[in-house]
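Report on the structure given below.
The values are calculated or read from the model by the stated rules, or taken from the named source; none is laboratory data. Since we're looking at a predicted model, the values are computed, not measured. Glycine gets a Cβ as well: all are built from the backbone with ideal geometry, and neighbour counts include every protein chain shown. SASA here: full protein model, heavy atoms, side chains in, ligands and nucleic acids out. Shrake-Rupley method; radii C 1.70, N 1.55, O 1.52, S 1.80 Å.
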Amino acid sequence: MTRKILRYALLTLGAVAMIGPFLWMLATSLTGDAQMSNADAALLPDPVTTDPYARLASAFPFWRFAANSLGVAIVSTLLQLFTSATAAYAFSRLRFKGSNALFVLYLATMMIPMQVIIVPLFIEMRSLGLVDTYAGLLLPTAVSSFGVFMLRQAFMALPKELDEAAYVDGAGPFRVFWRVLLPLVGPALATFAVFAFMASWNAFLWPLVIAQTEAHTTLPVGLSLLLGRYGPAWNVVMAGSTASILPILVLYVFAQRYVVRGIAFTGMKG
């Protein structure tokens, strides 16, 4: 009983430490300017006001940035699902010479941080005329080595008798992939979709480099401009930060069971 109490106490402290900054951000976003200017301001806003959100929407192109982030995140997620699923199927089911070496080489790219390749990647996009375009934002994120690894593990958890039965019935490799195996790895696909969407929505470095006008600026980059436009007005800055995490929060609330199932599914052995 003592160990159980201690365990739950530590878990409660950890939960408070993790959720505390988010609660402070939400409270600050609902605080008026008068209370923000008070050196002895309380943690809870009194009175509660939505004026920071109104100022954010009226004096800042928030919805434009949010629409850019949402569109880029959705298209990037769909591209990663397609490329990762097809590559994972090839690595797990279509045996060819050098497949293992190629897969290891492909996974090695996970150890290369974005900061290392940012300059040659920008030069490549400039030579293709894709600077400050949606294509320039999307192309570097169309492929994910993590997604290939995760979905390959999911495909390998499926018995190969399924493939053999489909081949006996006259199905080809593409039909086996599309009609037989892909529906069975749905939890893994949903899990990776959540991760890919979150990564694209929160991406900052590459959109900062490639987007040079407000027409193609994404929300994380746009929020950084708030610090210059509303430097002292932390309630407006926190209103933008709160609004930026709402789509991720909603997505995770509805997809959390698929995330748990997908992680458990990829850990199974065939």
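Of note:
- F82 - accessible surface, heavy atoms, 1.4 Å probe, Å² rounded to 10: 140 Å²
- With every protein chain in place, the chain: carbon and sulfur % of accessible area (1.4 Å): 71 percent
- For the chain, alpha-carbon Rg and Dmax in angstrom: 23.1, 76
- Taking every Cα-Cα distance in the stretch 1-120 and sorting them into 5 Å bins starting at zero, the pair-distance distribution P(r) comes out as 2, 8, 8, 9, 10, 10, 11, 11, 12, 10, 6, 3, 2, 1 percent.
- Calculated diffusion of the stretch 1-49, Stokes-Einstein form, Kirkwood radius summed over Cα pairs, 25 °C and 0.890 mPa s, µm²/s: 193 µm²/s
- Ordering V48, Y106, S241 by Cα displacement along the dipole of the chain toward the positive end leaves Y106 in first place; charges were set at the Cβ atoms of Lys, Arg (+1) and Asp, Glu (-1).
- Taking 0.36 nm per residue of separation and subtracting the Cα-Cα distance, full extension of the segment from R64 to L44 would add 4.1 nm.
- CD proxy at 222 nm, helix term only [per DSSP H run n ≥ 4: -39500 (n - 2.57); per residue of the chain; nearest 500]: -23000 deg cm²/dmol
- Computed from label points 7 Å out along Cα-Cβ, the spacing between T133 and A34 is 5.3 nm.
- With at most 14 other Cβ atoms within 10 Å, longest stretch of the chain clear of loop trypsin sites (Lys or Arg not before Pro) (DSSP): 161-268
- Relative contact order, whole percent, for the chain stands at 31, derived from Cα pairs under 8 Å and 6 or more residues apart.
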